[in-house]
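Worksheet for the structure shown next.
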Amino acid sequence: MDGDVSFEADIWSNWLRNHRHGGDADYERHVHSRVAAYVKRVLDGAKLWPDTTMLDIGSGEGAVGFAAIERLGARLQVMFIDISPALLRHAEALALCAGVAKQCQFLQASVERMPALADETMDVVTSRAALAYVADKPAALRECFRVLKPGGRISIGEPMFRDEAMVAAALGEVLAARPQGHPDRLLPLVQRWQAAQFPATAEGIAAHPLTNFSERDLVRFFQQAGFCQIHLELHIDVCQPTPMPWEVFINTSPHPLAPTLAEIMSTRFDAEARGIFEHAMRPTVVSGNRTCVDRMAYVTAMKPHF
């Protein structure tokens with residue numbers, strides 16, 4: 001993110017500017033490399049063609065839209081839609097700096113309702129890590145269907161967080177079954193950390209937009225909206241992360257709705273608990289001797305020609 005662009009931060013812009021990479025330039029480059037891979041898959045699924053009008057929902061800092069312009073050049077028009085005015089202003093500034101502002105429009109709106117867009121005006125709809133945060137996903141997809149021209153395409157890439165929430169809930173069940181006075185003091189702290197960033201009960205998982213759907217639900221939502229030729233790919237990558245400084249790690253969070261580990265430790269751990277937790281966790285973070293799992297669902301579909 002460009003530090004010279006001034007705007008009033010919200011949770012979305014604050015996460016992209018700070019908590020996605022913990023304020024570390026090296027880790028920020030690593031994150032941008034990962035994002036570029038997600039964006040490539042979304043655009044590959046969009047199958048862009050010259051003289052296309054593309055709608056990017058939940059556009060954020062504009063990664064998908066600007067990458068699409070790089071692919072097609074001047075023969076592409078992009079509508080950037082986001083609920084964050086701060087991110088829209090930032091993306092607009094980036095468009096001006098890149099000399100592509102004439103190809104871009106920016107609209108603040110919820111994906112669930114886009115009255116400013118007329119029926120059947122878009123050739124392609126794209127989204128990366130936006131639909132997962134929408135409370136009414138079927139309504140959002142109905143809106144995407146409405147604004148697409150007959151024969152238009154939609155391509156999305158969405159993070160799947162349900163497994164993380166289920167792990168947090170399972171840890172809670174394990175702890176509840178333990179006898180009082182159990183000597184393990186680390187696992188309760190790990191569960192407290194996980195439960196602060198993800199829903200940790202069956203009721204919470206079922207109610208939260210990030211976790212109350214599966215990849216199969218996505219297919220069903222697309223079908224119900226009227227799309228055809230629906231194709232879903234679930235990508236699960238299990239990897240060993242690169243080592244990173246502890247201070248960077250604790251100042252990141254896995255998604256915009258989650259507090260950072262630093263915030264959790266300062267508000268939910270006392271001094272003794274912070275010491276126990278850091279003593280156990282810091283060596284694995286600094287060495288990179290841990291496992292990370294990345295789950296992304298990619299869906300492409302078409303609006304029927306008739």
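The values are calculated or read from the model by the stated rules, or taken from the named source; none is laboratory data. None of the values given here were measured: they were computed from a predicted structure. Every residue, glycine among them, receives a Cβ derived from its backbone with ideal geometry; neighbour counts consider all protein chains shown.
Count of the range 179-214 residues, restricted to those that are out of contact with any helix residue (DSSP H, G or I) (no Cβ under 9 Å at 6 or more places or on another chain) and under 25 Å from V299 (Cα atoms), is 2. Tell me which residues, restricted to the range 110-146, are among the acidic types (D, E) and part of a loop (DSSP other than H, G, I, E, B). Correct list: E112, D119, E120, D136. Quick check on the range 115-137: of everything there that is of a type outside the set (V, I, T) and over 18 Å from the mean Cα position of the chain (by Cα), which residue is surrounded by the fewest Cβ atoms within 10 Å (Cβ to Cβ)? The residue in question is P115. Residues in the range 45-52 include none that are of a type in the set (D, E, K, R) and more than 29 Å from R113 (Cα to Cα). Selection of first residues in the range 290-306 that are surrounded by fewer than 20 Cβ atoms within 10 Å (Cβ to Cβ) and of second residues that are β-branched (V, I, T) and not in a strand (DSSP E or B), restricted to Cβ pairs under 6 Å at least 6 apart or on distinct chains, gives the following pairs, ordered by first then second residue: R290/T284. Does at least one position in the range 66-81 carry a residue that is touching a residue at least 60 places away in the same chain (Cβ under 8 Å) and not charged (D, E, K, R)? Scanning the range 66-81, I find no residue that is touching a residue at least 60 places away in the same chain (Cβ under 8 Å) and not charged (D, E, K, R), so the answer is no. Looking across the range 238-254, the residues that are farther than 16 Å from G23 by Cα and not β-branched (V, I, T) come down to C239, Q240, P241. Being under 14 Å from R162 (Cα atoms) and within 18 Å of the chain's Cα centre (by Cα) is the filter here; which residues of the range 208-234 pass it? Correct list: H208, P209, L210, T211, N212, F213, S214, E215, D217, L218, L234.
Among the residues of the range 82-94, are any crowded, with 19+ Cβ neighbours inside 10 Å, modelled with pLDDT of 95 or more and in a strand (DSSP E or B)? Looking through the range 82-94, at least one residue is crowded, with 19+ Cβ neighbours inside 10 Å, modelled with pLDDT of 95 or more and in a strand (DSSP E or B).
Residue-wise test of (1) assigned by TED's automatic domain parsing to the domain that holds L131; (2) in contact (Cβ under 8 Å) with a residue 60 or more places away in the chain.
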| position | (1), (2) |
| --- | --- |
| L232 | yes, yes |
| W246 | no, no |
| I250 | no, yes |
| P259 | no, yes |
| I264 | no, yes |
| G275 | no, no |
| H279 | no, no |
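Residues of the range 181-203 that are acidic (D, E) and closer than 15 Å to F277 by Cα: D184 alone. Criterion first (within 19 Å of the chain's Cα centre (by Cα) and assigned to a strand (DSSP E or B)) does G152 satisfy it? When the stated conditions are applied, G152 does not pass them.
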